[in-house]
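Read through the structure below, which is laid out as structure tokens, and then see the notes.
The values are calculated or read from the model by the stated rules, or taken from the named source; none is laboratory data. Because the structure is predicted, anything quoted here is derived from the model rather than measured. Virtual Cβ from ideal backbone geometry, glycine too; neighbours counted across all protein chains shown.
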Amino acid sequence: MGALQVWPIPATDPQSAVPTARAGLPTNLESWLSDTRLMARCNPDAIDGCLDLLEDLLQQIHTTPKRRAPPAGGMAPWQVRRVQRHIEANLSSRLATADLAALVGLSENYFARAFKISVGAPPHAFVISRRVAQAKTLMMESDLPLSQIALAIGLSDQAHLSRLFRRHVGTTPSAWRRRRPRHREIRPAA
């Protein structure tokens, strides 16, 4: 297992007293740092939820492939980007492998193999993981009932969301939601 890269605390811009971005710091980690600083000032008890989010971010960083050239048998980078953008934009609708393959001009079987080589997961598993991630975001940023969240991310009902969520996260959506602070509730100290 490789060594964990640690980024220094960003320098502060004297004009705004807000930390500035460091070159090489992933945007999602930079966002997490600023959210955590704000939460620590407003609600020190929310730090556990922040650490859980950091763990998720580090998992994503650790599992993200670092290759520049597409792997042998994989898709071209533009094809991967097009499919991923399409998936993100259409999570609430049906996403068939045949439709994704047609989007980049490949046969369904070749697309499925090439997608797995390029992304590291079969198309269906990737779509499910993106739906679970979107469900997490909606639970953190809204008060929508779980049944509406399930429909918003393209699942048939709340039970379907619960099954997938438990399989991928290890806990139920309602238990996960109770343990996390909501972003919109964060208010800076006066």
What are the pairs with Cβ atoms under 8 angstrom where one residue, in segment 142-164, is at positive phi and the other, located anywhere, is hydroxyl-bearing (Ser, Thr, Tyr)? Sequence gap at least six, or different chains. Gly154/Ser92; Gly154/Ser93
Checked segment 94-151 for anything over 28 Å from Gly73 (Cα atoms) and not in a helix (DSSP H, G or I); matches are Ser142, Asp143, Leu144, Pro145
Spot the failing condition for Gly74; the list is (1) crowded, with 18+ Cβ neighbours inside 10 Å; (2) modelled with pLDDT of 90 or more; (3) not in a helix (DSSP H, G or I), and only one is missed. (2)
Subset of segment 115-128 (residues that are touching a residue at least 12 places away in the same chain (Cβ under 8 Å) and in contact with a helix residue (DSSP H, G or I) (Cβ under 8 Å, 6 or more places away or on another chain)): Phe115, Ser118, Val119, Gly120, Pro123, His124, Phe126, Val127, Ile128
